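Shown next, in structure tokens, is the structure this report addresses.
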């Protein structure tokens, strides 16, 4: 069975600095996708970045990058140059060979001015 | 990417009322949609997978008769919370996915409060 672990319930970062949100996953399926979503206080879920299990390079999307370490089964999200608007809940998620997606418990990020 | 519309955004109603939540895929024909429930400060919990033209697939522990799902067309899935009680109060959110291992696109969610 799939499992996503996010061990940081909350994180603080100074504005304009970089922050890493941790995520480890557990799956025996060789084909899987890893995702990060942002959920502001308003509730909507915003897709940020995707990494496929066979991708050779780490995914990047603007200020977001995914530090994918396959052997360690980790998929950490790095946010560079943090902005106040980055304050939100961040969820790591995965699915294996299909449609069903499993979410981690989430990390609350607080960006300080 | 797919755009998902979910209505209503919030509902406040009396105990015993049935509440219907709609989820529309606006630019993508979705044979599969997903319904999640989220309690405050918790993660999303998959309730069921809505399948166009057939019965929904419910996750373990989710009452099928309490949470009725209908996916009558490729663009619309509805979740009806029947005879709602205060413990059903939660944030309900739907999503669509364009293919295997693709990201999900979510509606804006529905905040349900049962008095």
Checklist outcome for this item: Note on segment B:81-107: residues in contact with a strand residue (DSSP E or B) (Cβ under 9 Å, 6 or more places away or on another chain), at pLDDT 90 or above and surrounded by fewer than 16 Cβ atoms within 10 Å (Cβ to Cβ) are B:82, B:85, B:86, B:87
Checklist entry - In the list A:64, A:37, A:54, A:25, which residue meets the criterion of being within 14 Å of chain B (Cβ to nearest Cβ), farther than 23 Å from residue B:34 by Cβ and at pLDDT 95 or above? => result A:64
Next on the checklist: Residues that are within 22 Å of residue A:94 (Cβ to Cβ), without any contact (Cβ under 8 Å) to a residue 24 or more places away in the chain, part of a strand (DSSP E or B) and under 12 Å from the mean Cα position of the chain (by Cα): does segment B:38-46 have at least one?
Outcome noted: yes
Checklist entry - Quick check: is even one residue across segment A:80-89 surrounded by fewer than 19 Cβ atoms within 10 Å (Cβ to Cβ), within 14 Å of chain B (Cβ to nearest Cβ), in contact (Cβ under 8 Å) with a residue 12 or more places away in the chain and within 26 Å of residue A:53 (Cα to Cα)? => result no
Checklist entry - Just wondering, is there one or more residues in segment B:41-52 that are touching a helix residue (DSSP H, G or I) at 6+ places or on another chain (Cβ under 6 Å) and either closer than 30 Å to residue A:6 by Cβ or surrounded by 15 or more Cβ atoms within 10 Å (Cβ to Cβ) (or both)? => result no
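Of the residues in segment B:78-109, how many are assigned to a strand (DSSP E or B), within 14 Å of chain A (Cβ to nearest Cβ) and within 15 Å of residue B:4 (Cα to Cα)?
The number of residues fulfilling the criteria is 9.
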Checklist entry - Within segment A:40-47, is there a residue that is surrounded by 14 or more Cβ atoms within 10 Å (Cβ to Cβ) and more than 9 Å from chain B (Cβ to nearest Cβ)? => result no
Item to check | Lone unmet requirement of (1) within 14 Å of another protein chain (Cβ to nearest Cβ); (2) surrounded by 15 or more Cβ atoms within 10 Å (Cβ to Cβ) for residue B:75 | outcome: (1)
Next on the checklist: Restricting to segment A:8-22, and then to whatever is in a loop (DSSP other than H, G, I, E, B) and closer than 13 Å to residue A:90 by Cβ, can you tell me which residue is nearest to the other protein chains (Cβ to nearest Cβ)?
Outcome noted: A:9
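The values are calculated or read from the model by the stated rules, or taken from the named source; none is laboratory data. Quick caveat: nothing in here was measured; it's all calculated off a predicted structure. Note: ideal-geometry Cβ built from the backbone for every residue, glycine included; neighbour counts use all protein chains shown.
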